[in-house]
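Engineer: The structure's right below; bear with me while I get my questions together.
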Amino acid sequence: MGKPYDLRCTRGTEERHVEVKRTTGAATSVELTINKVLHARDQGRGAPCGPGR
């Protein structure tokens, strides 16, 4: 609650934050808030990306 991600996944010392989006059709784009983009960049993994990237 209050986090810029939906899931926190860990393996050993590695941690990933996951944002979950859903669609009923072909997803050609996903809208994210600036806070979610900045959080992804702060985590050192660049901008968020979608399926197939």
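Engineer: Starting from the stretch 19-39, take each residue that is assigned to a loop (DSSP other than H, G, I, E, B) and list its partners that are open to solvent by less than 80 Å² (accessible area, probe 1.4 Å) and of a type in the set (Ser, Thr, Tyr), counting only C-beta distances under 8 angstrom and pairs at least six apart or across chains.
Structural biologist: Glu19/Tyr5
Engineer: Can you work out which of the residues in the stretch 1-19 that are in contact with a Lys or Arg (Cβ under 9 Å, 6 or more places away or on another chain) and either exposed (fewer than 10 other Cβ atoms within 10 Å of the Cβ) or among the aromatic types (Phe, Trp, Tyr) (or both) is nearest to Ile34 (Cα to Cα)?
Structural biologist: Residue satisfying both the conditions and the ranking: Tyr5.
The values are calculated or read from the model by the stated rules, or taken from the named source; none is laboratory data. Bear in mind that the values here come from a model prediction, so they are computed numbers and not experimental data. Reconstructed Cβ throughout: ideal geometry from the backbone, glycine too, with neighbour counts over all protein chains shown. Calculation scope for accessible area: heavy atoms of the full protein, side chains included, ligands and nucleic acids excluded. Shrake-Rupley method; radii C 1.70, N 1.55, O 1.52, S 1.80 Å.
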